[in-house]
Amino acid sequence: MTNPRSPLAELEARVKARPLPRHVAIIMDGNGRWAEQRGLPRVAGHREGSESVRAVTRTARRIGVEALTVYAFSAENWARPDDEVDALMQLLADYLDSERAEMMENGIRLNAIGELDRLPESVRGRLAAARAETAANRGMTLTLALSYGGRQEIVYAARAAAAAKGAELDAEDIEAALWTRGLPELDLLIRTSGERRISNFLLWQCAYAELHFSEVLWPDFRDEALLTAISDFQGRERRFGLTGAQLAGRARDCD
Ligand code: IPE
Ligand code: IPE
Ligand code: MG
């Protein structure tokens with residue numbers, strides 16, 4: 001007799017058996033509260049949060065997600081106290097040093113979006129090296145949103161599209177100039193820590209994404225929480241403006 005599978009393995013098997021979101025994005029929130037609950041400095045929460053990035057990346061890759069985009073530092077986060085910003089930049093540099101080997105082993109292509117020229121050289125150099133080293137990997141694209149703002153991204157894209165097309169520009173031209181160009185359409189946006197807002201993340205790309213809000217604080221968000229979010233997504237009916245009857249008709253036509 002084979003061993004009974006653990007509840008987590010059962011959940012993973014159920015999730016893998018159904019259509020997966022191609023592109024998952026996460027607002028990784030709650031590091032500070034996780035640390036405060038334990039009487040620790042906020043940076044301890046950020047450190048544990050970087051372990052969650054590792055775990056979630058590994059699981060997303062294993063089940064077959066094509067693109068994972070994580071909000072690691074917002075354009076607005078520059079206004080936090082200097083010592084917290086410095087600690088976050090240091091953690092980012094450490095993360096880039098420690099993850100390169102695993103990215104290569106697992107076929108992960110590293111990508112980054114945001115106003116990257118605002119990052120310190122210690123991060124920019126490591127980011128450029130890791131992106132170059134992993135550029136040919138095809139397993140999953142991991143995109144770090146760093147010094148990122150959704151409004152800022154749309155402004156850059158609109159300027160680029162206007163320079164090329166003038167007043168004739170349309171939505172496709174803006175889409176093609178976004179920092180996320182080339183990634184699959186966003187299917188699922190997750191926010192952790194019980195907050196229910198977008199905080200300037202992927203504003204354009206969220207147009208028809210499914211939203212999942214988890215109460216779990218980011219440092220505690222691991223396999224089970226990710227699989228639960230994807231399972232929730234798999235139970236949704238995505239209508240894209242159509243009626244339920246139209247969707248049923250389309251599904252019949254495809255059979
Ligand atoms: C998310 O956790 C990480 C970043 C924004 C960099 P927070 O630092 O926002 O944690 P809370 O929301 O204060 O708990
Ligand atoms: C959003 O979290 C940014 C990141 C997760 C990197 P914040 O904690 O900065 O967002 P607000 O301030 O609660 O909206
Ligand atoms: Mg927060």
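The values are calculated or read from the model by the stated rules, or taken from the named source; none is laboratory data. For clarity, every value in this text was computed on a predicted model and none was experimentally measured. Note that we place each Cβ from the backbone using ideal geometry, even for glycine, and neighbour counts take in every protein chain shown.
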>> Testing E36 on (1) without any contact (Cβ under 8 Å) to a residue 24 or more places away in the chain; (2) away from ligand 3 (no atom under 14 Å from the Cβ); (3) loosely packed, with under 15 Cβ neighbours inside 10 Å; (4) farther than 29 Å from S231 by Cβ, one condition comes back false. Which one is that?
In response: (2)
>> If the requirement is being in contact with a Leu (Cβ under 8 Å, 6 or more places away or on another chain) and surrounded by fewer than 17 Cβ atoms within 10 Å (Cβ to Cβ), which of these qualifies: L202, L186, L211, L227?
In response: L211
>> Condition first: outside any strand (DSSP E or B) and either of a type in the set (F, W, Y) or more than 11 Å from ligand 1 (Cβ to nearest atom) (or both). Now tell me which residues in the range 19-43 satisfy that.
In response: P19, L20, P21, R22, W34, R38, G39, L40, P41
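Residues are listed down the side, and each one gets a yes or a no for (1) modelled with pLDDT of 95 or more; (2) more than 13 Å from ligand 2 (Cβ to nearest atom); (3) closer than 15 Å to I113 by Cβ:
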residue: E175; (1), (2), (3): yes, yes, yes
residue: R191; (1), (2), (3): yes, no, no
residue: I198; (1), (2), (3): yes, no, no
residue: W204; (1), (2), (3): yes, yes, yes
residue: L211; (1), (2), (3): yes, yes, no
residue: L226; (1), (2), (3): yes, yes, no
residue: I230; (1), (2), (3): yes, yes, no
residue: R236; (1), (2), (3): yes, yes, no
>> Tell me whether the range 79-95 contains one or more residues that are in contact with a Leu (Cβ under 7 Å, 6 or more places away or on another chain), more than 20 Å from R47 (Cβ to Cβ) and within 16 Å of ligand 2 (Cβ to nearest atom).
In response: no
>> Condition first: in contact with a helix residue (DSSP H, G or I) (Cβ under 7 Å, 6 or more places away or on another chain) and away from ligand 1 (no atom under 11 Å from the Cβ). Now tell me which residues in the range 68-85 satisfy that.
In response: L68, A75
> Residues of the range 63-101 being within 25 Å of R22 (Cβ to Cβ), in contact with a Pro (Cβ under 7 Å, 6 or more places away or on another chain) and of a type in the set (A, V, I, L, M), which ones?
Replying inline: V65, A67
> Of all residues in the range 23-78 being in contact with a Leu (Cβ under 9 Å, 6 or more places away or on another chain) and aromatic (F, W, Y), which is farthest from R138 (Cα to Cα)?
Replying inline: W34
> Counting just the residues of the range 187-235 that are free of Cβ contacts under 8 Å to residues at least 24 places away in the same chain and in a loop (DSSP other than H, G, I, E, B), which one comes out farthest from ligand 1 (Cβ to nearest atom)?
Replying inline: G235
> So, of the residues in the range 44-90 that are among the hydroxyl-bearing types (S, T, Y) and part of a helix (DSSP H, G or I), which turns out to be surrounded by the most Cβ atoms within 10 Å (Cβ to Cβ)?
Replying inline: S52
>> Checking the structure you have, find out if any residue of the range 5-24 is touching a helix residue (DSSP H, G or I) at 6+ places or on another chain (Cβ under 6 Å), without any contact (Cβ under 8 Å) to a residue 40 or more places away in the chain, away from ligand 2 (no atom under 16 Å from the Cβ) and of a type in the set (A, V, I, L, M, F, W, C).
In response: no
> Under the condition of being without any contact (Cβ under 8 Å) to a residue 24 or more places away in the chain and acidic (D, E), which residue from the range 158-186 is farthest from G32 (Cα to Cα)?
Replying inline: E168
>> If I ask for residues that are part of a helix (DSSP H, G or I) and buried (at least 16 other Cβ atoms within 10 Å of the Cβ), which ones from the range 91-120 would you list?
In response: L91, L92, A93, Y95, L96, E99, R100, M103, L116
> Do the conditions hold for G166, that is, is it out of contact with any helix residue (DSSP H, G or I) (no Cβ under 8 Å at 6 or more places or on another chain), at positive phi and not in a strand (DSSP E or B)?
Replying inline: yes
